[in-house]
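The structure under discussion appears below in the form of C-alpha cells.
The values are calculated or read from the model by the stated rules, or taken from the named source; none is laboratory data. If you're wondering where the values come from, they're calculated on a predicted model, not measured in any experiment. All Cβ positions, even for glycine, are placed from backbone atoms using ideal geometry, and neighbour counts span all protein chains on display. The protein model used for the area step is the full one, side chains on, heavy atoms only, and it has no ligands, DNA or RNA in it. Shrake-Rupley method; radii C 1.70, N 1.55, O 1.52, S 1.80 Å.
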Amino acid sequence: MTNTEAKQRRTTSSMSGDTTPTAAATTLVPTVYKPTKSPKEALYTLYKVSHYKAGLPMNLLIVQSVMAGIYIAMAGQLYLSVGAGILGAAVFPVGLIAVVLTSAELFTGDTLVFTTAVLGGQVGVDKLIRNWAVSWVFNFFGCIVWASIITYASDALDDSGNVELAIAIAEKKALQPWIHIFLKAIGANFMVCLGVWQSTCAEDVAGKIMAIWFPIAGFVMMGLEHIIANQYLIPVGMMYAGSAGKISVLRLLCALSAATLGNIIGGALLMGAVYWYINDSMSTHNSNNGSGNGNGNGSTHGNGNGNAQPLMERLRQAMLAFASASDAPPGSTPTPSSSSLNKKTEEDDETKPIMAASGGGGGENGENHSSPSNGNKPAVSTVDRIV
C-alpha cells in the first residue's frame, strides 16, 4: 500500500466514523501488587539467586567478592568513626544494604543461599565450595584494601579521635577465648541471614532496607562476631598498634577461623537448612503422598541440569529401590510398578521454570524468570540477587 492510498483510507475511515483500529487491541490485565513474598516464595527466590551466583564467571565472582569486602569495611570505619556503641550499631547496616542492592558476593549471606540450593537439588556441592572459598578470600582482600588505604594511610580515624578505640576493639575481638568467638559468630550470622531472608521477602527497595536494618543493628549491639567485619576491624587495629600491638598474625588467623565456623553454623544450619526443611522438603514429601496443599506452590524446581529432586526425595527413592531389590526372588527381573512409571512421567515433565517470587511464572516486573535447561544463567533482576 502506497502512502497516498494509506492517507485516503484514513480519511475515508474518519469521514465514515469508523474508529476501529486495524490491529487487534491489546487487553491490559492489571497486576495485583504484593508487598511481601510468602516464606515458600522467598525460598524459591533464593533458588533463582543460587543459579545466578553459581553461573558467575570467575572474574566477576572475584570482583563482586572484593566489592562486598569493601562495603563491609566501609561500614566498619563508619562504626568506629561515630564512636561505636548504639550509634555505631545503628549505622553499620549500610554495609549489608550496599551488598544486597549491588548483588555483591558476601560469604556470610552465601552460606544461606547455597545451603538451601544444595539441599533443594538446585546446584551441586562443588558450586557451594567454589563460591564460599572465593568469596571468603576476596572479601578479606577487599577489607584489607579499604583498611590500609582509606582508613590507615589517610589517617581518617586519627582525625575523628578514634584510633585508641580501634585498637581496643581489635584486641577485644582477637584475644578472647576461641569458643567465645565461635559461639558469638553463630548468633551473628543467624541474625545476618535472618535479615537476608526478610529482605528476600520484601518486593521493593524500601522494604529490603527496613528488613535488613534491625537484625544487623541488633547483632552489632549484642557484641556478636561477624567474620567479614572482623576481617576489617582486627587488621585495622593491628595497623594502628604497630609493633607494640598484642595481636600476632597467628592469633588473627585463629580468631578468623572461629568466626568462620560459627558463621557457617548460624547461616547454613540454623537458617538455610531449617527453612529449606520447613518450606521445601516437607511439601515434597506431602505432594508425593497425595496430600499436597493445592496452592500451586509445588516443590518441583528446574535446576538447569535436569536433576530437580530435593535431597530427601532422592534418599527416599534410593531406600525404596533397595527394599524392592531385597524382596525380589533370586534371578527374577523386577517389573516397574505403576507408581514408578507415574514418577518417571513426572520427572520427564520437570522442565517447567522455577516458580517465580510472585507465585507464578513472572518476576517482580513481569519478566519470566525461568530456569534455563541449556546452562545459561537465569534472568534475575538486581533487586532479587540477594547475597
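Odds and ends about this structure:
- Residue within region 208-220 that is over 25 Å from Thr115 (Cα atoms) and not aliphatic (A, V, I, L, M) present: no
- Residue in region 76-83 that is outside any helix (DSSP H, G or I), of a type outside the set (Ser, Thr, Tyr) and open to solvent by 10 Å² or more (accessible area, probe 1.4 Å) present: yes
- Test result for Ala147, more than 18 Å from Ser65 (Cβ to Cβ) and either assigned to a helix (DSSP H, G or I) or open to solvent by less than 10 Å² (accessible area, probe 1.4 Å) (or both): no
- Counting residues in region 167-176 that are part of a helix (DSSP H, G or I), open to solvent by 70 Å² or more (accessible area, probe 1.4 Å), within 19 Å of His226 (Cβ to Cβ) and of a type in the set (A, V, I, L, M) gives one or more.
- Criterion: closer than 16 Å to Leu96 by Cβ, of a type in the set (Gly, Ala, Ser) and either at pLDDT 95 or above or open to solvent by less than 50 Å² (accessible area, probe 1.4 Å) (or both) - qualifying residue of Gly207, Gly223: Gly207
- Residue in region 92-110 that is among the β-branched types (Val, Ile, Thr), over 27 Å from Gly218 (Cβ atoms) and either in contact with a Gly (Cβ under 8 Å, 6 or more places away or on another chain) or part of a helix (DSSP H, G or I) (or both) present: no
- Options Gly142, Gly195: the member that is touching a Pro at 6+ places or on another chain (Cβ under 6 Å) and buried (at least 20 other Cβ atoms within 10 Å of the Cβ): Gly195
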